[in-house]
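Let me begin by presenting the structure, written as structure tokens, before commenting on it.
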Amino acid sequence: MGRKILTDKIVIPGINTFEVYKNNGGYAAATKALKQMTPSEVTEEVKKSGLRGRGGAGFPTGMKWSFLDRTTPGPRYLVCNADESEPGTFKDRYLIEKIPHLLVEGLIISSFALGAETTYVYVRGEFKTQIGILSKAIREAYENGFLGKNILGTSYNLDIYVHSGAGAYICGEETALLESLEGKRGNPRLKPPFPAVKGLYGRPTVVNNVETLAAVVPIINIGGDEYAKIGIGKSTGTKLISACGNINNPGVYEIELGLPVETFLNSPEYCGGVKGGKSLKAIVPGGSSVPILPANLILKTAAGENRLITYESLSDGGFVSGSMLGSGGFIVYDENQCIVRNTWNFTRFYHHESCGQCSPCREGTGWMEKVLHRLEHGEGRHKDIDLLVSVAKRIEGNTICPLGDAAAWPVAAAIRHFRHEFEYHVENPEIVKNHKHAPVPLKEMEKV
Amino acid sequence: MSQNIIPHHLFGKEGKEVRFSAETLEKVNKIISRYPEGQKKSALLPVLHIAQEELGGHLSVDVQDYVASLLGIQPIEVYEVATFYTQYYLEKVGKYVIEVCRTGPCAICGGEDITDYLSEKLNIKDGETTADGLFTLRTVECLGACGYAPVMQINTEFYEFLTKEKIDKAIEELRQKANLDKPKESKWVEKF
Ligand SMILES: Cc1cc2nc3c(=O)[nH]c(=O)nc-3n(C[C@H](O)[C@H](O)[C@H](O)COP(=O)(O)O)c2cc1C
Ligand code: SF4
Ligand code: FES
């Protein structure tokens, strides 16, 4: 059994209410931080914990906090990213729904550490129910003196507000999120300046993911050093993995970083294996933006070592034979799934979600979508495959925000690992024309 | 309200008088107060949600202009936002907007068949509304509920692990409810 420190109390009936949460050790960390620690001591614990951002990029949280400009007089902001729109990812929704006070407590401690007196939680607009749940938890925290003026009799004041998005994946990108919070289109900003210097309303701002901020609670409870003992190497602590696709037990699981991918996939405690006794074809381990890996490369690295769920192990082999932990959106494909169709689907997603500011992303995603549509519908040519690789290359690294890369990588990876399947589509137009699934079983295709 | 509105090429102005109830206005002012002095525009997204729900189900140009005047910003600042985000409807929609997820994780769990089934059952294509004005069908991108695939949302309520039977049941229930013409539950204005 892996150690659980975020979701351990989720089974307690009524844990979504202030009273039950508090009676089960809740708000002890916030009390400790505000009454016994200084903001820099809190930041120090987070640094020691080795916690890395859970939103996708994996940037060390303590370091991000220490970049915040604390010298310019005037307000500073903490903004919580609950936009959760990376396909395959649904963990933040789970946390907010099941144990909203954990996030509220994490927000209080983190805001205190950053010296922020106003904090916004940007929740994707589709999560109306969760917005209601979180708003209620915040109201309860006010009523019980954990928010508002002079919290717990200290001189610290904090207001937390929930802000809803309105359906735009790009608003998960932190500078697009800030634009959106200011009431504008979600157009990512050119960086630098980084939000730590010029963020919301031009003020120093930290943007962190829901899970990252929730993890601050156990870090203060058990101490940064103790937290760092969970996990392996630079992948410390636990991670929520949202598992979906063709598995027996889709859902959100808290794992200790370092769990082998194979255990996670096959153990009845987690995914419970591929559904219907089918064979595994591929896995996208970190949300739609990270490279897809075929069965052999996701379970073992190219060097033959067990692939573990850590930042390092999942990216072992770089883009040649590795992927990324990303947001922890674990998408499993069985032998019947068509890689070309899935790549077309994801590319359509990125094309739809591109904000349109930079031409490589705006035009490139549309171009790739068109070519993939052609291939998928039996109208492709052999040179289309290389054309895709070349367009993907020209998008990568040439855009304002990483959405361009996120659109390019999955295409490049699909062709790298499943080129034979793209070729099969070109060579068998009649067969692929009207299919939704893989036109022939995996093994046969490899023989083609 | 600003008198110098540039004529719109996308959709016309109906010139209808629209306004929030006093109760809703109070709530809107409370939302505005969450943002610093001079940052009223920050309230735009939440206020548009409320406006869409309470002022006719979609954001007509009249409604958008009204929101602009409430927040003290130019109408164009509202138009560019209303056209950017997918949850805002610019044209009239049905009483129930069915948004079915079309993205990868749902698609590989039978989402495509579910979409086809909805389309056949309601006899409308993506983006269309049934003749009786009850249902609009829209395919949308990932709803952040991939583990419960296939997924759809009807007026922001989630329907998960969809099967044809579940769809039949949901549609039937909504048809009944629509006849009774009860007010909508879970209004945006109450969530904030
Ligand atoms: C296109 C795009 C979409 C993103 N979507 C999300 C998201 O939905 N949720 C999230 O927390 N981070 C998302 N991110 C990452 C954020 O930009 C940012 O790195 C993160 O919120 C920082 O928080 P963390 O350090 O706690 O992970 C996205 C990034 C990009 C480029
Ligand atoms: S990369 Fe795409 S989404 Fe990002 S700023 Fe450029 S056009 Fe917009
Ligand atoms: S792919 Fe359908 S909810 Fe995520």
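The values are calculated or read from the model by the stated rules, or taken from the named source; none is laboratory data. As the structure is a prediction and not an experimental result, all values here were calculated from the model. When we count neighbours, we look across all protein chains shown, and the Cβ atoms used for this are built from the backbone with ideal geometry, even at glycine. When the accessible area is computed, the model is the full protein with side chains, heavy atoms only, and any ligands, DNA or RNA have been set aside. Shrake-Rupley method; radii C 1.70, N 1.55, O 1.52, S 1.80 Å.
Of note:
- Amide proton proximity set for B:Val140, modelled H, under 5 Å, gap of 5+: B:Val100, B:Cys101, B:Arg102
- Label separation (B:Asp168 vs A:Asn296): 4.6 nm, computed from points 7 Å beyond Cα along the C-beta direction.
- Segment A:306-448: C-alpha gyration tensor shape, a/c 1.5 cut-off, then a/b vs b/c: oblate
- Point-charge dipole on Cβ atoms (K/R +1, D/E -1) for the protein assembly as shown, about Cα centre, debye to 20: 880 debye
- Acute angle (nearest 10 degrees) that the helix B:164-180 long axis makes with the longest principal axis of chain B, alpha-carbon atoms: 50 degrees
- Bins of 10 Å from zero: percent of alpha-carbon pairs in the protein assembly as shown: 3, 16, 26, 27, 19, 8, 1, 0
- Phi-based couplings in Hz for segment B:26-33 (Karplus 6.51, -1.76, 1.60; Gly and Pro marked x): 5, 5, 4, 5, 5, 5, 4, 5
- Residues A:Ser40 and A:Arg139, FRET efficiency given R0 of 22 Å [Cβ-Cβ distance, rounded to 0.05]: 0.10
- Remark: spin-label model distance A:Thr129-A:Ala303 equals 4.5 nm, labels positioned 7 Å along the Cα→Cβ axis.
- Cross-link pairs exceeding 23 Å in C-alpha to C-alpha distance, out of B:Lys125/B:Lys169; B:Lys16/B:Lys191; A:Lys9/A:Lys47; A:Lys239/B:Lys166; A:Lys128/B:Lys13, comprise B:Lys16/B:Lys191; A:Lys9/A:Lys47; A:Lys239/B:Lys166; A:Lys128/B:Lys13.
- Percent RCO, i.e. relative contact order, over chain B, from Cα pairs under 8 Å lying at least 6 residues apart: 18 percent
- The ellipsoid equivalent to the alpha-carbon distribution of segment B:96-179 has semi-axes of 20, 13, 11 angstrom, derived from the gyration tensor eigenvalues as √(5λ) and listed largest first.
- Taking the 1.4 Å solvent-accessible surface of chain A as the whole, the part contributed by carbon and sulfur is 53%.
- With the whole protein complex present, A:Leu68 retains an accessible surface near 10 Å², based on a 1.4 Å probe.
- Using alpha-carbon coordinates, inclination of helix B:44-54 to the longest axis of chain B, degrees: 70 degrees
- Legend: translational diffusion of segment B:35-192 by Stokes-Einstein, Rh = Kirkwood radius over C-alpha pairs, 20 °C, 1.002 mPa s; D = 127 µm²/s.
- Solvent-accessible area per residue, Å², over segment B:1-138 with all protein chains present [probe radius 1.4 Å]: 47 Å²
- Evaluated at q = 0.29 Å⁻¹, a Debye calculation over the C-alpha positions of segment A:323-390 (equal weights, vacuum) places log10 I(q)/I(0) at -1.20.
- Maximal additional length on extending the B:Asp113-B:Arg175 stretch stands at 20.1 nm, based on 0.36 nm per residue less the C-alpha distance.
- The distance between label points at B:Glu80 and A:Lys4 comes to 4.7 nm (points 7 Å beyond Cα on the Cα→Cβ vector).
- Each chain gives up part of its surface: A and B jointly bury about 4200 Å² of accessible area, both sides summed, for a 1.4 Å probe.
- Chain A: DSSP helices with Cα axial extent of at least 15 Å and average Kyte-Doolittle hydropathy no lower than 0.5: A:100-114, A:210-222
- Space enclosed by the convex hull of the alpha-carbon atoms of segment A:18-229, per residue, Å³: 115 Å³
- Considering all different alpha carbon pairs of segment A:5-95, the Kirkwood hydrodynamic radius works out to 15.9 Å.
- Residues in segment A:154-186 that, when all protein chains are in place, have 50 Å² or more less accessible area than the chain alone would give (probe 1.4 Å): A:Tyr161, A:His163, A:Ser164, A:Ala166, A:Gly183, A:Arg185
- Per residue, in Å², the accessible surface of segment A:18-229 once ligands and nucleic acids are set aside, probe 1.4 Å: 31 Å²
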